[in-house]
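Undergrad: Okay, here's the structure, questions in a sec.
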Amino acid sequence: MLNCGIAIAVGGLVVAAAMQAAQSGDLAEPVHNVSAEVTLTPAAAGGAVGDASQVVVWLVPEDAASPVRMAASNSESARYKIVQHNKGFEPHLLVVPVGSSVDFPNLDPWFHNVFSLYRGKRFDLGLYQAGSQRSVRFDRPGPSYLFCNIHAEMTAVVLAIESPLFGVSDKTGHVAIRNVPPGKYMLRVWYEHAPAEVLQSLRRPVVVNGEGHALSSIRIPVGKREHLKHKNKFGQEYDPKAPAADY
């Protein structure tokens, strides 16, 4: 499916901040690579889910003086993109630092209306035509579930987080977080199909102080893999005849 891609923000800001701090003498140790292994388990039965991709794992510095926080503040000037194409969002999951702007270009030959009224950033871009683009600044942390008011099958998520130090799991559940300065962090996890209380229980403090640091395994019980049930932006059911319309 075209709407199941993943966009991973590049940690270049972290690298630049770490290099700057090292030159000024503020960073005594080199940055490290942190890895984790994620396993998804069905909530009602044993075993593991075959595809463990699209789990986001990130590290929030506990030290307010950390150069990582300095890098995160620069994210306000960064821009990202979710494309509307073939009546789908590409990518389905986009992870950005809080304060980032996301562009929503319409590459389809028909109208779209992107909105988010459920969690995170609430907005409504209104109806706009092929070839045009509108943008949103995600200044609130957490997931924002995106929909189109015309096409019910279009769904996506923008996850705004408080740190540029994150990774997204591949199908095997492997997560890589690169260029992590040594220090104390709070581990955070998010997955679209996991209950909020489960994600809350996965938070834990982490100390990074060695090269090739590996986190303990992360197990996430999940429910059925289905799109978030939703109505249109007016709180009404979608018109079942809409997919056959010429737009």
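Read-outs: derived from the displayed coordinates by stated rules, not from any lab. Quantities reported herein were computed from a predicted structural model and do not represent experimental measurements. Methodologically, a virtual Cβ is constructed for each residue, glycine included, from the backbone with ideal geometry; neighbour enumeration extends over all protein chains shown.
Undergrad: For the range 205-222 and the range 122-180, what is the separation of their Cα centres, given in Å?
TA: That distance is 24 Å.
Undergrad: Give the long-range amide H neighbours of TYR118: residues separated by 5 or more places, or on another chain, with amide H under 5 Å away, using H modelled in the peptide plane at 1.01 Å from N.
TA: Placed amide hydrogens put TYR145 under 5 Å from TYR118.
Undergrad: Each label point is 7 Å from the Cα along the Cα-to-Cβ direction; what then is the distance between the points at ARG119 and SER201, in nm?
TA: Each label point lies 7 Å from its Cα, and together they span 1.7 nm.
Undergrad: So who's got an amide H within less than 5 Å of the one on HIS112, skipping anything under 5 residues away but keeping other chains? H placed 1.01 Å off N, in plane.
TA: The answer is TYR128.
Undergrad: Tell me, in nm to one decimal, what length is gained between GLU237 and ASN33 on full extension, where the rule is 0.36 nm per residue of separation less the Cα-Cα distance? Could you put the intermediate results ahead of the total?
TA: Working: separation 204, 0.36 × 204 = 73.44 nm, distance 4.67 nm.
Net length gain for the segment: 68.8 nm.
Undergrad: Classify the range 87-181 from the C-alpha gyration tensor, please: rounded if a/c falls under 1.5, else prolate or oblate depending on whether a/b exceeds b/c.
TA: Numbers: a/c = 2.23, a/b = 1.75, b/c = 1.28.
It comes out prolate by the Cα gyration axes.
Undergrad: Sort the range 136-187 into rounded, prolate or oblate with this rule: let a ≥ b ≥ c be the square roots of the eigenvalues of the Cα gyration tensor; rounded if a/c is under 1.5, and if a/c is not under 1.5, prolate when a/b is larger than b/c, oblate otherwise. Before the final figure, lay out the partial values.
TA: Working: a/c = 3.90, a/b = 1.77, b/c = 2.20.
Oblate, because a/c is 1.5 or more while a/b does not exceed b/c.
Undergrad: Take every DSSP beta bridge with both residues inside the range 96-161 and express the antiparallel ones as a percent of the total, to the nearest 5.
TA: Antiparallel bridges make up about 90 percent of those DSSP assigns within the range 96-161.
Undergrad: For the range 120-131, just list the computed ³J(HN,Hα) in residue order, Karplus coefficients 6.51, -1.76 and 1.60, θ = phi - 60°, integers in Hz, with x standing in for Gly and Pro.
TA: Those phi angles translate into x, 7, 9, 7, 9, 7, x, 7, 9, 8, 4, x Hz.
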